[in-house]
Amino acid sequence: MINELGHFALILAFAVAIVQALVPLIGAHKGWRGWMAVGEPAASAQFLLIAVSFAALTHAFVVSDFSLKLVWENSHTDKPMLYKVTGVWGNHEGSMLLWVLILSLFGAAAAWFGGALPPRLRARVLSVQAWIGVAFLAFILFTSNPFLRLAEAPFNGKGMNPLLQDPGLAFHPPFLYLGYVGLSMAFSFAVAALIEGRIDAAWARWVRPWTLAAWIFLTIGIALGSWWAYYELGWGGFWFWDPVENASFMPWLLAAALLHSAIVVEKREALKSWTILLAIMAFGFSLIGTFIVRSGVITSVHSFASDPQRGIFILAILAFFVGGALTIYAFRASAMQAKGVFSMISRETALVVNNILLAVAALVVFVGTVWPLVAEMFFGRKLSVGAPFFDQAFTPFMVILALILPVGAMMPWKRARLGRVLRSLVPAFVLALAVAGLAWAVESGNSLLALVATFLGSWLVFGSMTELWQRAGRTPARLKRLPRADWGKAVAHSGLGVTFIGVGLLLAGQVENIRVAQLNEPFTVDGYEITLTKVEQVKGPNYMSQMGTMVVKRDGKLVATMHPEKREYPVQRMPTTEAAIHTTPLEDIYLVIGDPQKDGGYAVRTYIKPFADWIWAGAIIMALGGLLSLSDRRYRVAAGARKTRAMPGHATPAE
């Protein structure tokens, strides 16, 4: 009964989404306030109905209702409760239901908190958001129904992919979807503004909080995915330029560019066309990511094993929304004339350069990701584009971006004196050189990468601190009175610097050792004495584990006792590697145990990874910076003053 209720709620949400897509749009065109007002209750109703449907599916997983095909294929009675719940979105159908739940949540949030928006713009935003909902609800109901029944309920299920049975990956998809789907709001605002023919500073002020929220969620989601790959897959890496990793990284880059270009629209009413285009493309790349994950056209360790027909449906959705938006964009291009004029040396120019670098970097990642598919389709050649291409093609843009970022942030609007800005940054430059010199000395002068990465990261951190100091008029007491957005920007830029340092020092200084370790025979790696003392069989909730006990010492003193595992999941008949990691602020000791060898002993991989956790610390700092900016009062009030200036009973100027 609960499953049927969930299915019926999903069908009803589809009907409500159609009403929300049509009625407010017609009302905005005709100027009928009653019709425009339909969007708000419809958005709330759509969210509540999809929430009921999602709750029904969650209940089926929690109680192990194997009469549902989806539960049978992705759950098992022996699974821990956490993974029964996360099994809801650990598959194609359930993850798409989570996708539309988040989509409807953003639409409902626009209805709940969009009181400051002009009625016509709000109606059009909710309508465009509903059109996206109609498309994906149709996709779920007609191709990916999570409530399909089995004729006879089995006694037990097939279980979930063991790689997904991990806390890190349990929370990674929801955050990633909040970022992916959050960009739909920027898209809806862009299309609504194009239909209305009005893009101004108020529009930019409204669209920035939604974009910033999506960027924060994407940052957290990407960091969680990177962290999961680092410790769960046993490869010892944090980023592999996998197609699905790239699918989340491209919207992140474009969202960062959109945030910065929207500032120019808000402050100077320039870059209007470019900002609208970025809003369209950022969500477009989110849809491309959805296509890559679910179509099966590109092989990835992260992707869902879905049939190509579903991929064609998603491709049609992508073509309809992005193609339609670009068509409207082409017709409205003449109405988006820039008003602000600025010189070549100004903050506006710096933000333009910032946008170009981020957009081209996203294009490089896109080309590297889809080129194997293009080569196979059109040239009949099977190619693999790996890390060397991305490292060489992508890195230069990030180096240039890091170099100019502190300088651009310090420049005033409209016209700047470059010499004055550079002089104020001399202390930051000297400090960054000193830190880079220290890293060079520690690395014994063997790695240029460590020198460059440490300099760039320190330059970003000290440059951000200098900017705050300058904005406070070099007065400590005034630092507290700075807007939160200023603090947020400085913290986010500093977080990027911390990640630069972590990536550079990790790649430059990591040590890898692969050997056969005999029981109670110590071996040395990078000054650590490591001894495999025993290997035992341990029974887990739904797996059997070959667990090693390894003692790590340095200079005769105990550092850690570590327990790497190799697990076997009998239901799925699939082995997984569970690395043991001992973390300190300066480095990780990373141990992986393999199969027993014929001549005795076990295959063991040992990694010493300096500054590994700085990578994720930097991502956390970036997200915190975004949250600080989002908490700024100017975001919360948006353009409320504009609405209150309208006379009672009369339309606002934006109507």
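Name the single residue, out of those in the stretch 41-80 being among the aliphatic types (A, V, I, L, M) and within 30 Å of I195 (Cα to Cα), that is surrounded by the fewest Cβ atoms within 10 Å (Cβ to Cβ).
Of the stretch 41-80, the ones among the aliphatic types (A, V, I, L, M) are 42-43, 45, 48-52, 55-57, 60, 62-63, 68, 70-71.
Right, trim to within 30 Å of I195 (Cα to Cα) and you get 42-43, 45, 48-50.
Values: A42: 24, A43: 30, A45: 18, L48: 15, L49: 23, I50: 30.
Top of the filtered list is L48.
Please indicate, with yes or no, whether at least one residue in the stretch 139-146 is in contact (Cβ under 8 Å) with a residue 40 or more places away in the chain, surrounded by fewer than 24 Cβ atoms within 10 Å (Cβ to Cβ), in contact with a strand residue (DSSP E or B) (Cβ under 9 Å, 6 or more places away or on another chain) and not in a helix (DSSP H, G or I). Among the residues of the stretch 139-146, not one is in contact (Cβ under 8 Å) with a residue 40 or more places away in the chain, surrounded by fewer than 24 Cβ atoms within 10 Å (Cβ to Cβ), in contact with a strand residue (DSSP E or B) (Cβ under 9 Å, 6 or more places away or on another chain) and not in a helix (DSSP H, G or I), which makes the answer no.
Per-residue answers, yes or no, for (1) within 23 Å of A623 (Cβ to Cβ); (2) modelled with pLDDT of 90 or more:
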{"position": "A130", "(1), (2)": "no, yes"}
{"position": "I140", "(1), (2)": "no, yes"}
{"position": "G179", "(1), (2)": "yes, yes"}
{"position": "E196", "(1), (2)": "no, no"}
{"position": "P209", "(1), (2)": "yes, yes"}
{"position": "W228", "(1), (2)": "yes, no"}
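Any chance the stretch 323-343 includes a residue that's over 27 Å from A623 (Cα atoms), of a type in the set (V, I, T) and at pLDDT 90 or above?
If we filter the stretch 323-343 for residues that are over 27 Å from A623 (Cα atoms), which is where we start, we get 323-343.
With of a type in the set (V, I, T) added as a condition, the list becomes 327-328, 341.
Among the residues that remain, those that are also at pLDDT 90 or above are: 327-328.
Yes: one or more hits.
Residues that are surrounded by fewer than 19 Cβ atoms within 10 Å (Cβ to Cβ) and either over 30 Å from L277 (Cβ atoms) or at pLDDT 90 or above (or both) are absent from the stretch 454-461. State yes or no: is W227 touching a residue at least 24 places away in the same chain (Cβ under 8 Å), surrounded by fewer than 24 Cβ atoms within 10 Å (Cβ to Cβ), among the aromatic types (F, W, Y) and within 25 Å of N91 (Cβ to Cβ)? Considered against the rule, which asks whether it is touching a residue at least 24 places away in the same chain (Cβ under 8 Å), surrounded by fewer than 24 Cβ atoms within 10 Å (Cβ to Cβ), among the aromatic types (F, W, Y) and within 25 Å of N91 (Cβ to Cβ), W227 comes out as yes.
Having 1 or more residues that are in contact with a helix residue (DSSP H, G or I) (Cβ under 7 Å, 6 or more places away or on another chain) and aromatic (F, W, Y) is the bar; report the helices (runs of 4 or more DSSP H) wholly within the stretch 447-513 that clear it. Can you show your working first?
On the way: elements: 448-471, 476-479, 484-509.
In the stretch 447-513, the matching helices (runs of 4 or more DSSP H) lie at 448-471, 484-509.
Only a single item in (1) part of a helix (DSSP H, G or I); (2) in contact with a Gly (Cβ under 7 Å, 6 or more places away or on another chain) is not met by F249, and it is number (2).
Scanning the stretch 148-182 for residues that are closer than 13 Å to V88 by Cα and either in contact with a His (Cβ under 7 Å, 6 or more places away or on another chain) or crowded, with 24+ Cβ neighbours inside 10 Å (or both) yields G159, M160, Q165. Picking from residues in the stretch 17-40 that are more than 35 Å from the chain's Cα centre (by Cα) and among the small types (G, A, S), the one that is surrounded by the most Cβ atoms within 10 Å (Cβ to Cβ) is G27.
Scanning the stretch 576-595 for residues that are within 12 Å of R515 (Cα to Cα) and either in contact (Cβ under 8 Å) with a residue 40 or more places away in the chain or among the acidic types (D, E) (or both) yields L591, V592, I593, D595. Checking the stretch 410-419 against the condition returns a match, with at least one residue being surrounded by 15 or more Cβ atoms within 10 Å (Cβ to Cβ), touching an Asp or Glu at 6+ places or on another chain (Cβ under 6 Å) and of a type outside the set (F, W, Y).
You will find that of W215, W235, W241, the residue that is farther than 27 Å from E565 by Cβ and either part of a loop (DSSP other than H, G, I, E, B) or not assigned by TED's automatic domain parsing to the domain that holds M398 (or both) is W241 and no other.
Which one is surrounded by the fewest Cβ atoms within 10 Å (Cβ to Cβ), of the residues in the stretch 469-494 that are in contact (Cβ under 8 Å) with a residue 24 or more places away in the chain and basic (K, R)? Before you say what the answer is, go through the steps one by one.
Here is the first cut: in the stretch 469-494, the ones in contact (Cβ under 8 Å) with a residue 24 or more places away in the chain are 470, 483-485, 487-494.
When the remaining residues are screened for being basic (K, R), the result is 484, 489.
Working: R484: 17, K489: 22.
Taking the candidates together, the pick is R484.
The single residue among L373, L383, L422 that is touching a residue at least 60 places away in the same chain (Cβ under 8 Å) and either out of contact with any strand residue (DSSP E or B) (no Cβ under 6 Å at 6 or more places or on another chain) or farther than 21 Å from F249 by Cα (or both) turns out to be L373.
Against the numbered list (1) of a type in the set (A, V, I, L, M); (2) surrounded by fewer than 24 Cβ atoms within 10 Å (Cβ to Cβ); (3) free of Cβ contacts under 8 Å to residues at least 60 places away in the same chain, A213 comes up short only at (3). Only residues in the stretch 280-306 that are in the same structural domain as H92 (by TED's automatic domain parsing) and surrounded by 19 or more Cβ atoms within 10 Å (Cβ to Cβ) count as the first member; pair them with residues that are part of a loop (DSSP other than H, G, I, E, B) and at pLDDT below 75, Cβ under 9 angstrom, at least 6 apart or cross-chain, and list the lot. Note: no pairs meet the criteria.
Every residue, every condition in (1) charged (D, E, K, R); (2) outside the structural domain of L253 (by TED's automatic domain parsing); (3) within 15 Å of F500 (Cα to Cα), yes or no:
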site	(1), (2), (3)
V367	no, no, no
V385	no, no, no
D391	yes, no, yes
K414	yes, yes, no
L418	no, yes, no
A428	no, yes, no
A434	no, yes, no
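Yes or no: V352 surrounded by fewer than 17 Cβ atoms within 10 Å (Cβ to Cβ), touching a helix residue (DSSP H, G or I) at 6+ places or on another chain (Cβ under 9 Å) and touching a residue at least 24 places away in the same chain (Cβ under 8 Å)? Answer is no for this residue.
Flag: L48 matches the condition of being over 30 Å from A151 (Cβ atoms) and either among the acidic types (D, E) or within 28 Å of the chain's Cα centre (by Cα) (or both). Can you give me the number of residues within the stretch 148-177 that are at pLDDT below 90, in a helix (DSSP H, G or I) and in contact with a Ser or Thr (Cβ under 7 Å, 6 or more places away or on another chain)? Within the stretch 148-177, residues that are at pLDDT below 90, in a helix (DSSP H, G or I) and in contact with a Ser or Thr (Cβ under 7 Å, 6 or more places away or on another chain) number 4. What number of residues within the stretch 378-395 are loosely packed, with under 13 Cβ neighbours inside 10 Å and either basic (K, R) or over 15 Å from P243 (Cβ atoms) (or both)? Selection size over the stretch 378-395: 8. Please specify each residue of the stretch 399-419 satisfying the condition of being out of contact with any Phe, Trp or Tyr (no Cβ under 8 Å at 6 or more places or on another chain) and without any contact (Cβ under 8 Å) to a residue 60 or more places away in the chain. V399, I400, L401, I404, V407, G419, listed by residue number.
The values are calculated or read from the model by the stated rules, or taken from the named source; none is laboratory data. A quick note: this is a predicted structure, and the numbers were derived from the prediction, not measured. For neighbour counting, all protein chains shown are included, and Cβ atoms are generated from backbone atoms with ideal geometry for every residue, glycine included.
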